[in-house]
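Scroll down for the structure; my scribbles are underneath it.
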Amino acid sequence: MSIYRVATANTFDRTIQNINRRQSELGQIQEQLSSGKRVNRASDDAVAATLAERAQNRLARVQADQTALEASKSSLTLVEAGLGEANDLMVRARELVVQGGNPVLTQSSREDLARQLEGLREQMLAVANRTDTAGMTLFGGLGGAAKPFLDMYGVPTGVQYEGQIGQYAATENSLPQAVDGNAVWMRVVPGNGNFTVSLDNSNQGFVRADQGVVVNAGLAVGLDTSAGYGGYRITMGGTRAAPTFEIVREITAPPSTEPVTSLPGPQLYQPGTTIEFDGIQLTLSGDPMGVGDPLQPSSPSDPVPTDVVRLTPVNQPTDLFATFQRAIDALRYNGTNQKANITQELDRVLVEMDNGTDRILDTRGRVGEWLNRADSMGEMFADKALFHQKEKSDQEDLDMVKGISDFQNMQVGLQAALQSYGQVQKLSLFQYIA
Amino acid sequence: MSSLNIASRALTTNLAAMQVIGHNIANVNTDGYSRQNILLGTSGGQFLGNGYFGKGVEIEGVSRAYDSYLTREAQLTRSVSAGDEARYARLQQLESLFPLGDQSLGVTLNNALNAWSAVATSPLDTTARTVVIARSEELTARLRDVTASLDETRLSSTLQVQEAVKSINSLAEQIAQVNQTIVQSQGTGRSPNDLLDQRDQLVSQLNQYVQTSTVPAADGSLTVFVGGSQPLVLGTRVSPMAAERNPVDGDKLDIKIYQAGQPAEINADFLGGGALKGLVRFVNEDLPESYNMLGRLALSMSEQVNAQHRLGLDANGDPGENFYQIRGAGTPDSIYSYGADGSLQIAAKPIGTASGSGVVATVSDFNALQASDYEIRVGTGTDVTVIRKSTNESVQLTSVPDPISGNSIVSIDGLRIDLGASPANGDRFLLQPYAGVARNLEVVLSSPQDVAAASSVRVDLPATNAGSLLVENLRAVSTPPAGWSSTAVEFNSLGQYRVVSPSTPPLPPAVPADWVNFQPGQPIVANGFELVLRGVPTDGDTFNISPATAADAAQNFGNAKAILGLRDKASFGGVNLGDGYIPVFSALANKVQAGRVAAEFSTTAATNAATALANRTGVNLDEEAARLLQFQQAYQASAKFLQVAQGTFDTLIQSFG
């Protein structure tokens, strides 16, 4: 009975227990070696398992983002192609309009040009209503109808935008799939942006004006619709020898006029001279006399027809389709002042068309930039995917060198345990008593 | 004559000693055997005038090597380690139900959520919509599978508990029988060593199932207590134990002991150790936590997707319905039902009979949900005590009346608990919000057309906007106030914005609203929508938000994006919904780790205690061999002495002869 006493059966039991433990440890490291993973269960290393799971989720998300990016990219490519086409259509339309301004054209050749312009307008509308392969509109803006540009006959006439105005922004990991068609086709600035110049259909003379310009907006009180003004009216008068014009401000309610203070009363008309009133510069030109009977031939004392040139304030943008329609209508115009009217209208059409082309090119540039960004985002996604893969691997994969070295260590340990067990258990007093 | 007597007694005594050694050698590998020792004494002396002459040797008895302290230590440590090992084995099995890597539930969850990305990309694509439904069905099927496996584990663990109880009762019977035999053999005045060994061994076996404490009685019987102070064996009487289903929560087990037919409940915490304790802890604590963790994931995911889905418009322009549902919800058998607005309501079960109104809980904050059951105790006045079962923490709350219904409301852990109009003092309820969710969750949508991918709100920009401020995202985040028709976000020349609603019906925020500094990318929230703008604001920029119409539905994907955005919504105490599987397995992993450490530690302690005991009471063959030689020589010497004694006697006889 002493501290040195050991029980035989217990010694066996303990040795067997130890060998079992070593074998189980060996089995564990063998599982790690064969699966290549250090973390086979969450309890092997809860922290690493958590980080690996997170990395796996991020990886799945990057893959989903990549798919979405591809879809956006193909849609944007279609948008870009559509806008390119729209630009080509504008170039052709502009040529036709310039051609239409040629005074030697006959009515039938103008009709021919008008038909061609009608065709171009149809094509433009088709481009604007284009969809991607899945049926999503390319120019619907934030959504809205399946056909964002609706050509209406009746009231109101013209193209209505049925999409949703507005543009989705590009974010760090996604791109819009559609662009705001309203900004492309429906936001054309009419005339010079402040007012439009038009001739009354009852005009008989050939007086017309350029598009004019506002040099001092503060003085242009006649354009201030909120103060009850409705623009300016220039009325021709006087005689053939001394033609005059008179500018008045129009007041909408009740309909009346008031004189322009800086240029009151009838003024002598000199074709081609720029006049300035209320901070507006405008050049009137053309013969104030008409061509038809009984005005021709006329004497110097004959009165000049009281033709009217109107300056209408601009309060909302027009659309490119309306501009096309304006050109078509002008080419088909057959009134008494046909010549002046065509020039006046086509002048304005050209300005608006240039303005519209600018808008198309602006959007095209933005889409091009997005497509560039799509490429760099694709690379970023690939980098991210690689990073998450590595992170996952770092957390849960086994360091093979360390694994094999551990395995060998444990193998040696088990061997030693077995050998010493065999040797010690051979020692027994009974072997010597025989 | 005396010499012959001495010699013959010496022979028999030494032979008996060798018999004891033989018994020791024979039982070297017998479990619970204590080494026996022969106790020798001199037969005393006889006074023969010239002195005392010894009369030889005699056997005083056979004792066993025994140490009550070490025996108890070995039993207790063995008991603790048996409990830890049983629990650890079960935990390992449980962990295998929550694998990592490609087969993990997390992958299925993310597949279901990421599938909305394809819908957000092409909402007109029926395939994308079908994939969302299919992936979500995959997820619910997976949740049901895991629950079925959990059920299987619970069933087998419960059976194992019943087996353990059976073994305890059988061992108790045997101890009672041995007690009786020992009491009967007390009359001999000798220690019944092998019976005592047998009883110690039975107690030791009993301790593997349940930790006991023992008190020896004067008559030699042993009284065995379990669970602190409940007598399992009292002399020869046995009070059987039983494991019964909890009457309120049928998934939990109550441990009882029947004394004279009367059941008394034993608090599982007082069991101390043994497989029974480990298994009961597994069934009553570990398994419910896994159920609740899984259920919380299922509930949070399904309810958040449902809520967002209801805010959207489907392909036909109709408002979205619930995407997921809990099978059987709304039937009398189910504690779940759906309210008029489509949100989930969870009824609490009364404990005993409740005299007041019923209790219904709804989710108010998904991020605050805890994977736990709750016991609700209604007190006097507005006092309510809620016991969080996972931590056994008791929280004192004061109920407040609901502004509309007037019902008493308490809130805890993101749950809004409606105690009804007349909660009665003393009523108790058990609320199990999560246990049944994963088992019954299913996708209720069948047609891809019903997937509500479109947003129910639209933003209109007047053509006068400068166009450099772009819409990054617009989504509905909650049900708009009744009568809402439009809200405008306006910008001024300083780049500040204000949110304006029409004055009829009067809706907040009305004019004059305060101008707020604008930060690109920061959400502007009002009247149920969330608008994110990016870019440079210009004076007069306006964004009009209004309810979307059916015609808007086809080309819009705002709601699909919003559901996709749920991936990043903090849902489990700050963990994103997309990472929702992490809390499930990491809580379990920590348990398994702790269980392993505990099992390793207690096994080592048990081994050490067993070794200490064995070293004191076990048989060492070398020692026995040495003793055998010792007594063999003594026997040989005794025989020689007999021969000599006989020789002297013969000599004497011959001299007369």
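The values are calculated or read from the model by the stated rules, or taken from the named source; none is laboratory data. What you see is a predicted model, and the numbers here were worked out from it, not measured in a lab. Positions of Cβ are backbone-derived with ideal geometry, glycine not excepted, and every protein chain shown enters the neighbour counts. Accessible surface areas use protein heavy atoms only, side chains included; no ligands, DNA or RNA. Shrake-Rupley method; radii C 1.70, N 1.55, O 1.52, S 1.80 Å.
Annotations
- Within the range B:446-463, residues that are surrounded by fewer than 20 Cβ atoms within 10 Å (Cβ to Cβ) have Cβ atoms under 6 Å from residues that are assigned to a strand (DSSP E or B) in these pairs: B:ASP460/B:ASN544; B:PRO462/B:THR542, counting only partners at least 6 apart in sequence or on another chain.
- All told, B:SER468 meets the bar of being within 26 Å of A:LEU175 (Cβ to Cβ), more than 9 Å from chain A (Cβ to nearest Cβ) and out of contact with any helix residue (DSSP H, G or I) (no Cβ under 9 Å at 6 or more places or on another chain).
- Of all the criteria given as (1) assigned to a loop (DSSP other than H, G, I, E, B); (2) at pLDDT 90 or above, the one not satisfied by B:ARG281 is (1).
- Selection status of B:LEU297, under 30 Å from B:LEU76 (Cβ atoms) and assigned to a helix (DSSP H, G or I): no
- Test: B:SER478 is part of a loop (DSSP other than H, G, I, E, B) and in contact with a Leu (Cβ under 8 Å, 6 or more places away or on another chain): yes
- Hey, A:GLN99 touching a Phe, Trp or Tyr at 6+ places or on another chain (Cβ under 9 Å), open to solvent by 60 Å² or more (accessible area, probe 1.4 Å) and modelled with pLDDT of 90 or more or not: no
- Selection count where residues are assigned to a helix (DSSP H, G or I), open to solvent by 30 Å² or more (accessible area, probe 1.4 Å), facing chain B (nearest Cβ under 9 Å) and without any contact (Cβ under 8 Å) to a residue 12 or more places away in the chain, scope the range A:5-24: 4
- Whichever residue in the range A:149-168 is within 8 Å of chain B (Cβ to nearest Cβ) and of a type outside the set (Gly, Ala, Ser) and, among such residues, is nearest to B:THR464 (Cα to Cα): A:ILE165
- Scanning the range B:236-276 for residues that are β-branched (Val, Ile, Thr) and open to solvent by less than 50 Å² (accessible area, probe 1.4 Å) gives B:VAL238, B:VAL248, B:ILE255, B:ILE257, B:ILE266.
- Helices (runs of 4 or more DSSP H) within the range B:557-657 that include 3 or more residues touching a residue at least 24 places away in the same chain (Cβ under 8 Å) and away from chain A (no Cβ under 14 Å): B:621-656
- For the range B:112-146, taking the residues that are open to solvent by 40 Å² or more (accessible area, probe 1.4 Å) and not charged (D, E, K, R), the one that is nearest to the other protein chains (Cβ to nearest Cβ) is identified as B:LEU124.
- Scan of the range A:213-251 for residues that are small (Gly, Ala, Ser), within 40 Å of the chain's Cα centre (by Cα) and open to solvent by 60 Å² or more (accessible area, probe 1.4 Å), ordered by number: A:ALA217, A:GLY218, A:SER226, A:ALA227
- Which listed residue, of B:VAL238, B:VAL283, is within 31 Å of the chain's Cα centre (by Cα) and under 30 Å from B:LEU94 (Cβ atoms): B:VAL283
- Taking the criterion of being over 23 Å from the mean Cα position of the chain (by Cα) and open to solvent by less than 10 Å² (accessible area, probe 1.4 Å), the residues of the range B:572-598 that qualify are B:LEU577, B:GLY578.
- Flag if A:SER202 is hydroxyl-bearing (Ser, Thr, Tyr) and either buried (at least 24 other Cβ atoms within 10 Å of the Cβ) or more than 10 Å from chain B (Cβ to nearest Cβ) (or both): yes
- Residue pairs meeting the criteria (Cβ under 8 Å; at least 6 apart or on separate chains; first over 18 Å from B:ASN425 (Cα atoms) and surrounded by fewer than 12 Cβ atoms within 10 Å (Cβ to Cβ), in the range B:393-413; second among the small types (Gly, Ala, Ser) and at pLDDT below 95): B:SER405/B:ALA421
- Scanning the range A:352-379 for residues that are open to solvent by less than 70 Å² (accessible area, probe 1.4 Å) and out of contact with any strand residue (DSSP E or B) (no Cβ under 9 Å at 6 or more places or on another chain) gives A:ASP354, A:THR357, A:ILE360, A:GLY365, A:VAL367, A:GLY368, A:TRP370, A:LEU371, A:ALA374, A:SER376, A:MET377, A:GLY378.
- Residue among B:ALA26, B:ALA17, B:ALA7, B:ALA82 that is closer than 20 Å to B:ASP622 by Cα and crowded, with 17+ Cβ neighbours inside 10 Å: B:ALA17
- All of (1) without any contact (Cβ under 8 Å) to a residue 24 or more places away in the chain; (2) open to solvent by 50 Å² or more (accessible area, probe 1.4 Å); (3) more than 60 Å from the chain's Cα centre (by Cα) hold for B:GLY45 with one exception: (2).
- Yes/no for B:GLY352 being over 30 Å from B:LEU566 (Cβ atoms) and touching a residue at least 12 places away in the same chain (Cβ under 8 Å): yes
- All positions within the range B:633-657 that are open to solvent by 80 Å² or more (accessible area, probe 1.4 Å) and not hydrophobic (A, V, I, L, M, F, W, C): B:GLN633, B:GLN636, B:LYS640, B:GLN643, B:GLN646, B:THR648, B:THR651, B:GLN654, B:SER655, B:GLY657
- Exactly one residue out of A:ALA169, A:ALA146 is at pLDDT below 90, open to solvent by less than 30 Å² (accessible area, probe 1.4 Å) and aliphatic (A, V, I, L, M), and it is A:ALA169.
- Verdict on B:ASN110 being farther than 26 Å from B:PRO583 by Cβ and polar (S, T, N, Q): no
- The range B:224-235, residues that are open to solvent by 20 Å² or more (accessible area, probe 1.4 Å) and either part of a strand (DSSP E or B) or in contact with a Lys or Arg (Cβ under 8 Å, 6 or more places away or on another chain) (or both): B:PHE225, B:GLN230, B:PRO231, B:LEU234
- Which listed residue, of A:ASN315, A:ASN337, is touching a residue at least 24 places away in the same chain (Cβ under 8 Å), of a type outside the set (A, V, I, L, M, F, W, C), in contact with a strand residue (DSSP E or B) (Cβ under 8 Å, 6 or more places away or on another chain) and under 30 Å from A:THR252 (Cα atoms): A:ASN337
- Filtered by the rule that a residue be open to solvent by less than 20 Å² (accessible area, probe 1.4 Å) and either facing chain A (nearest Cβ under 8 Å) or touching a residue at least 60 places away in the same chain (Cβ under 8 Å) (or both), the range B:100-111 gives B:GLY101, B:SER104, B:LEU105, B:GLY106, B:LEU109, B:ASN110.
- Scanning the range A:41-70 for residues that are at the interface with chain B (Cβ under 8 Å from one of its Cβ atoms), within 28 Å of B:VAL592 (Cα to Cα), in a helix (DSSP H, G or I) and open to solvent by 60 Å² or more (accessible area, probe 1.4 Å) returns a single hit, A:ARG54.
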